[in-house]
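First up is the structure itself, then whatever we jot down about it.
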Amino acid sequence: NDPIAYASSNLSQLARSWRTSDEAGFDEVLSETRDGVERVRRVVSELLRLARRGDGPEGPVDLRQVVESILPIVQPEARWRAQIKTRLDPVPLLRGEERLLGQVVLNLVVNALRSIPEGRPEHYTVQIETRLRDGCVVLRVCDNGPVIPAEALPHLFDPFAPQRAGIDAQPGATELIHG
């Protein structure tokens, strides 16, 4: 919603600039609005790709590419919560469905971000890593935000669950291993 709010605000500014004939300001706001709309288009396109129903082709999947494809989607959520850092070591291709793996990665990162309170993104980090360990491909999502309360764990992947309030500030990590 952040890019949409930005574009909407800019459109209001454009209406004011049009009436006052501030040509330079008009061009600047128009350019920023176009950028915001393009961001919305990319995010919606990626969300639609991830949400397509039906069986996709199972085949070789580049985990690093999957992680990189979800970064633009999670960036607006991260903006006020944490810095996203990646360490994407080369890993062998996985056999699976890219769309489903993308949903898993997206859920892990969004859950990590939502466990972090808004307002101090410079204090928190969500680290996304890919690596090869003992012949297995590892995806690790780690954050230094508050731990997830035990009562919230059964709803961890429920998209309609309320955001969790942290109990204390201990780091958390989730690893998926394929081997």
Residue-by-residue Karplus 3J(HN,Hα) for region 102-113, coefficients 6.51, -1.76, 1.60, Hz, glycine and proline x
x, 5, 5, 4, 4, 4, 4, 6, 4, 5, 4, 5
State the antiparallel share, in %, of DSSP beta bridges confined to region 53-159, rounding to the nearest 5.
65
Counting only protein heavy atoms and a 1.4 Å probe, tell me what percentage of region 76-131's accessible area is made up of carbon and sulfur.
48
Region 34-146, Kirkwood Rh and Cα Rg, ratio Rg/Rh at 0.99
³J(HN,Hα), Karplus 6.51/-1.76/1.60, whole Hz, each residue of region 62-79, x for Gly, Pro
8, 4, 4, 5, 4, 4, 4, 6, 8, 4, x, 6, 8, 4, x, 5, 6, 3
Please give, to one decimal in nm, the separation of the simple spin-label points placed at Ala15 and Glu58, each 7 Å out from Cα toward the Cβ.
5.4
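The values are calculated or read from the model by the stated rules, or taken from the named source; none is laboratory data. Only a predicted model underlies this, so the values are computations on that prediction, with no experimental measurement involved. Cβ sites come from the backbone with ideal geometry, for glycine too, and all protein chains shown count toward neighbours. Accessible surface is based on the protein model in full, side chains and every heavy atom, while ligands, DNA and RNA are left aside. Shrake-Rupley method; radii C 1.70, N 1.55, O 1.52, S 1.80 Å.
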